[in-house]
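Asks: Below is the structure I would like to discuss, written out as structure tokens.
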Amino acid sequence: MSNSIVRGALGLLLAVLHATAAAAPTLTNGGFESGLAGWTVADQAGGDGTFFIQSGTQTPLSDPAFPIAVPAPPEGSNAAMTDAFGPGAHVLYQDFVASPGVALLNFDLFILNGGGEFETPDSLLFDLTDVIGENTQNQQIRVDILRVSALLDPFSVDPSDVLANLFITLPGDVPPDGYTTITRDLTSLMGSHAGQTLRLRFAETDNLGPLNLGVDNVRFDTRNTVPEPATLLLAAAALAALAG
């Protein structure tokens, strides 16, 4: 076999392997070991509470005399957690640049719902009212990928802003015990928006009672992925050329 054929086959094989294991988007401080560095917090005006750093086994604003128990952060010493003494709406977000290739988003969530139930209107405002001015119950948690624009409202749930909803609490849901790992395959979304700046948002709204959202170990990953059939065929062709 000539050197040019060998070089060509090797180049094809390397290209296929690179496409299969392309670098995932990068997030900063996904384990919150550096506090909230790299993340932005927004709280709706007029509400109470915010995102805090949770370390240990109590909610951030627990009264030492009457502590509210929560599980320890699942990764490292810290997690991010909402806490408040009254109704409010809070978002925690980080912008990143989408890159093509296999991208799995993983994050650990903890939910403690002192309101007793979830209500999920199409809004993240805690002081939402209906058409006759009556207060609307809003007790929810959601995780989204948003497109970033100069006019983007941190609390927006407009379909033109939300590219993908990754998690949402619904009426009747029972929160799982402890922190739960959630994985979402964003390969298609990353490919269709490659090179664009997108936003990963964790949101919590409550007006029925206390609602704690814990977040930890947020990361993009490319491990444990299986190449698509077309990619496997290309790899096979490259290997066959080398074998020949």
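Asks: Can you tell me, using C-alpha contacts under 8 Å and at least 6 residues apart, the relative contact order of segment 94-165 as a whole percent?
Replies: Contact order relative to length: 25 percent.
Asks: Another one. Let's see if you can work this out: charge +1 on each Lys and Arg Cβ, -1 on each Asp and Glu Cβ, no other charges. What is the dipole magnitude of segment 99-226 about its Cα centre, in debye to the nearest 20?
Replies: Charge dipole, segment 99-226, about its Cα centre: 720 debye, nearest 20.
Asks: Could you put ARG199, ARG147 in order of accessible surface area, largest first, with the 1.4 Å probe and the full protein assembly present?
Replies: The most accessible residue leads, giving ARG147, ARG199.
Asks: Going highest first, how would you order 134-145, 158-169 by mean Cβ packing within 10 Å?
Replies: Ranking, from highest mean packing down: 134-145, 158-169.
Asks: Using per-residue counts of other Cβ atoms within 10 Å, averaged over each peptide, order 58-64, 150-156 from highest down.
Replies: So the order, starting with the most tightly packed, is 58-64, 150-156.
Asks: Round to a whole angstrom and tell me the spacing of the C-alpha centers of segment 119-177 and segment 25-48.
Replies: So the two Cα centres are separated by 18 Å.
The values are calculated or read from the model by the stated rules, or taken from the named source; none is laboratory data. Keep in mind that this is a model prediction, so the values were computed, not measured. When we count neighbours, we look across all protein chains shown, and the Cβ atoms used for this are built from the backbone with ideal geometry, even at glycine. With ligands, DNA and RNA removed, areas are computed over all heavy atoms of the protein, side chains included. Shrake-Rupley method; radii C 1.70, N 1.55, O 1.52, S 1.80 Å.
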